[in-house]
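Encoded as structure tokens, the structure appears first; notes follow it.
The values are calculated or read from the model by the stated rules, or taken from the named source; none is laboratory data. Predicted model only: the values in this text are computed from it and were never measured. Cβ placement follows ideal geometry from the backbone for every residue including glycine, while neighbour counts extend to all protein chains displayed. The protein model used for the area step is the full one, side chains on, heavy atoms only, and it has no ligands, DNA or RNA in it. Shrake-Rupley method; radii C 1.70, N 1.55, O 1.52, S 1.80 Å.
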Amino acid sequence: MLIYAVCGAGIGTSVLLKANVERALSMLGIEAEVKAVSLEDARGTNQMAQVILATPELVEKLGGIPSEVISINNIFDLAELGEKLQATLS
Amino acid sequence: MLSSYFDKDSIRVAAQELSFSEAVAEGTGLLVSAGQANPEYIGEVLANLEALGPYFVVAPGVAIAHAPPSSAVIKAGMALLKLAAPCESGSANDPVALVFALCSPDSESHLDLLAAFADKLSDSQVMNSLLNASAESVMSAILFENQL
């Protein structure tokens with residue numbers, strides 16, 4: 001399974017989000033490849049991720065993408081990440 | 001190590017009331033004072049905010065101001081501006097009290113920095129202490145103690 005952590009630049013928020021998504025996934029015992037990508041890359045890629053995570057302002061800009069999009073308010077909150085990932089993946 | 005990316009004068013408290021974009025500009029300005037970015041980088045971060053909205057307000061009270069890697073960045077760095085008067089950014093995570101600024105010349109130079117930063121801030125006790133801290137020395141002690 002492929003998961004994208006998205007931010008505007010692809011170097012800051014998305015990298016932090018990726019680190020914590022990986023941690024949340026390992027706590028849930030779920031294996032997946034997580035990539036930090038920019039908004040443009042998430043929209044322009046041919047390699048569709050099953051799940052995309054981003055902060056709310058960017059989720060609005062991800063409309064029309066066939067992936068499941070999860071909106072994350074607090075990227076440091078492993079409980080929020082874990083709950084939302086589990087709800088989407090189960 | 002997290003501390004190696006912060007200049008000694010890059011953790012500051014803003015006593016006066018600032019708008020969110022002023023706080024972003026002032027926080028990013030700390031990277032410029034530290035010699036980690038050129039002044040043009042401030043404009044690039046403000047343009048990123050203008051284009052995409054306050055998406056880099058990533059947790060309650062916390063913003064990570066940054067722009068894509070560019071020639072305006074000299075080396076990977078980070079700074080922190082604490083707002084004595086928290087401000088509104090338009091994000092669900094308002095009001096913002098901690099404005100971190102981040103710069104990287106490419107997509108790799110700062111990955112160690114962010115790994116250490118993610119570890120640090122995912123500790124809710126660290127996060128709460130930072131949100132409640134009002135002195136620069138206390139904030140650097142919280143950020144840099146027991147660092148990986």
Heavy-atom accessible area of segment A:2-89 with neighbours in place, 1.4 angstrom probe: carbon+sulfur share in percent works out to 43 percent
Accessible area of chain A divided out per residue, in Å², using a probe of 1.4 angstrom: 43 Å²
Projected onto the charge dipole of chain B (unit charges on the beta-carbon of Lys, Arg, Asp and Glu, signs +1, +1, -1, -1), the Cα from B:L131, B:A72, B:L98 with the largest positive-side position is that of B:L131
Within the protein assembly as shown, count lysine pairs with alpha carbon atoms under 29 angstrom apart where the residues are 8 or more positions apart or belong to different chains. 18
Per residue of segment B:7-19, in order, report the coupling 6.51 cos²θ - 1.76 cosθ + 1.60 (Karplus, θ = phi - 60°) as ³J(HN,Hα) in whole Hz, putting x for Gly and Pro. 6, 5, 9, 9, 10, 9, 10, 8, 6, 7, 6, 10, 6
In whole Å, how far is the Cα centre of segment B:77-132 from that of segment A:21-63? 21 Å
Taking the C-alpha atoms of chain B, how large are the radius of gyration and the largest Cα-Cα span, Dmax, in Å? 13.8, 37
Computed label-point distance, nm, for sites B:D106 and A:Q47 using a 7 Å Cα→Cβ extension: 2.0 nm
Value of D in µm² per second that Stokes-Einstein yields for segment A:3-90, Kirkwood Rh from Cα pairs, at 10 °C (1.306 mPa s): 126 µm²/s
Choose one of A:V34, A:I72, A:A24: the residue whose Cα lies farthest towards the positive end of the charge dipole of segment A:2-89 (beta-carbon charges +1 Lys, Arg; -1 Asp, Glu; about the Cα centre). A:V34
Taking every residue of B:104-115, the Cβ atoms of other protein chains inside 10 Å of its Cβ average out to 3
What value, in deg cm²/dmol to 500, does the helix sum -39500 (n - 2.57) over DSSP H runs of n ≥ 4 give at 222 nm once divided by the residues of chain A? -12000 deg cm²/dmol
Within the under-14-Å Cβ sphere about A:G8, not counting A:G8, Lys/Arg +1 and Asp/Glu -1 give a net charge of -4
Carbon and sulfur: what percent of chain B's accessible surface (1.4 Å probe)? 50 percent
With every protein chain kept in place and a 1.4 Å probe, segment B:2-144 has an accessible area per residue in Å² of 38 Å²
Across segment A:45-56, in residue order, what do the Karplus-derived ³J(HN,Hα) couplings come to in whole Hz, using 6.51 cos²θ - 1.76 cosθ + 1.60 with θ = phi - 60° and x for Gly and Pro? 6, 8, 8, 6, 7, 5, 10, 10, 10, 7, 6, x
Suppose every Lys and Arg Cβ carries +1 and every Asp and Glu Cβ carries -1, with no other charges. What dipole size does segment A:2-89 come out with about its Cα centre, to the nearest 20 debye? 100 debye
Residues B:A47 and B:N132, FRET efficiency given R0 of 41 Å [Cβ-Cβ distance, rounded to 0.05]: 0.80
Modelling each spin label as a point 7 Å along the Cα-to-Cβ direction, I'd like the B:E145/A:I30 distance in nm, to one decimal. 3.5 nm
What quantity of accessible surface, computed with a 1.4 Å probe and excluding non-protein components, is buried in total between chains B and A, in Å² to the nearest 100? 1900 Å²
Return the percentage of antiparallel bridges among DSSP beta bridges fully within the protein assembly as shown, rounded to the nearest 5 %. 30 percent
Stokes-Einstein at 20 °C, 1.002 mPa s, Kirkwood radius from Cα pairs: D for the protein assembly as shown in µm² s⁻¹? 121 µm²/s
With a 1.4 Å probe on protein heavy atoms only, tell me which residues of segment A:66-82 lose at least 50 Å² of accessible surface in the complex relative to the chain by itself. A:N73, A:F76
Under a crude label model (7 Å from the Cα following the beta-carbon direction), how far is B:A84 from A:A87 in nanometres? 4.0 nm
